[in-house]
Amino acid sequence: MNIAVTSENMLKVYSVKQAYEFLKDAVVTGYKADSGVGEQPVGDDTLRGARNRIVDVCSRHPDLDRIISIENGIFREGGQWHDKAVVLLFRPYEGTEHVAYSDSVVFPDRFVERAREIGFDRITVGKVMADAGHVEDPKDPHLYISGKSRRQYLEETVRGLVMSVEHL
């Protein structure tokens, strides 16, 4: 089974490999893909970015059995900003898509507002928090805020979606 990840980010590729380890013939490959959204997706742009990545990879690699796209974004919920991942699993031969959202981490309003001032098309809230000394790693503010790494959030969400879709 040929499985694509719409990113060459090793964290994302590894999460998908882990989820499909039950298939001995699974070949998981990361591909560079354009999301068509800014550095910091907000709300519906997050799912749109995941879908855009799938369209991009699908157009260049028509022989794939599964395409998984992972896009983190921020969402305004309950008066707070939540960062979470959208995981989209596309089955090209059936033309079906399945979506899951990771658990979220609350980002402080002041950092979201600063990122908005700079431009969500140019900077992430994680980078703003790291520059301010609020977190150490701009790619994993989750660890410093919740005590749980971004990797854990992604692995749990990808695994749950794959198990559901593949009926395990």
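Computed from the coordinates by the stated procedures, all read-outs in this text should not be read as laboratory data. If you're wondering where the values come from, they're calculated on a predicted model, not measured in any experiment. Every residue, glycine as well, gets a Cβ built from its backbone with ideal geometry; the counts of neighbours run over all protein chains shown.
Worth pointing out:
- Each residue of region 94-106 was assigned a 3J(HN,Hα) from its phi angle through the Karplus expression (A = 6.51, B = -1.76, C = 1.60, θ = phi - 60°), giving 9, x, 9, 10, 10, 10, 9, 10, 6, 4, 9, 10, 7 Hz with x at Gly and Pro.
- When you restrict to C-alpha pairs under 8 Å that are six or more residues apart and normalise by the size of region 1-113, the relative contact order lands at 23 percent.
- Theoretical FRET efficiency, 1/(1+(r/R0)^6), r = Cβ-Cβ of Gln18 and Gln80, R0 30 Å, to 0.05: 0.50
- Sequentially through region 14-24, phi angles give Karplus couplings (6.51, -1.76, 1.60; θ = phi - 60°) of 4, 4, 6, 4, 4, 5, 9, 5, 5, 9, 5 Hz, Gly and Pro residues having no value and appearing as x.
- Taking other Cβ atoms within 10 Å as a rough exposure proxy, Lys139, Lys84, Lys12, Lys24 sort from fewest to most as Lys24, Lys139, Lys84, Lys12.
- When the Gaussian network model of the chain links Cα atoms closer than 10 Å, the mean-square fluctuations of Ile118, Ile54, Ile70 top out at Ile118.
- Nearby aspartates and glutamates by direct alpha-carbon distance to Lys24 (threshold 18 angstrom, same-chain neighbours under 8 apart not counted): Asp65, Glu166
- Candidate lysines for bridging to Lys139, where Cα separation is under 26 Å - those fewer than 8 sequence places away on the same chain excluded: Lys12, Lys17, Lys32, Lys84, Lys127, Lys148
- A cut-off of 5 Å between modelled amide H atoms, ignoring neighbours fewer than 5 places along the same chain, links Ile123 with Glu39, Gln40.
- Phi angles across region 62-70 convert, under the Karplus curve 6.51 cos²θ - 1.76 cosθ + 1.60 with θ = phi - 60°, into 3J(HN,Hα) values of x, 9, 8, 8, 9, 10, 10, 10, 10 Hz, Gly and Pro given as x.
- Order of Ser59, Ser35, Ser146, Ser102 under a 10 Å beta carbon neighbour criterion, fewest first: Ser59, Ser146, Ser35, Ser102
- Which label in (i) 18.3; (ii) 16.9; (iii) 16.2 gives the computed Kirkwood radius over Cα pairs in Å: (iii)
- Other residues whose C-beta falls under 12 angstrom from the C-beta of Glu8 contribute a net charge of +3, scoring Lys and Arg +1 and Asp and Glu -1.
- Order of Arg66, Arg151, Arg122 - criterion: other Cβ atoms within 10 Å of each residue's Cβ, fewest first: Arg122, Arg151, Arg66
- Remark: the Val27-Ser146 segment gains 39.6 nm on full extension, using 0.36 nm per residue and subtracting the alpha carbon distance.
- Label zone at Asp109 (point 7 Å along Cα-to-Cβ), backbone N below 20 Å, region 77-103: 77-84
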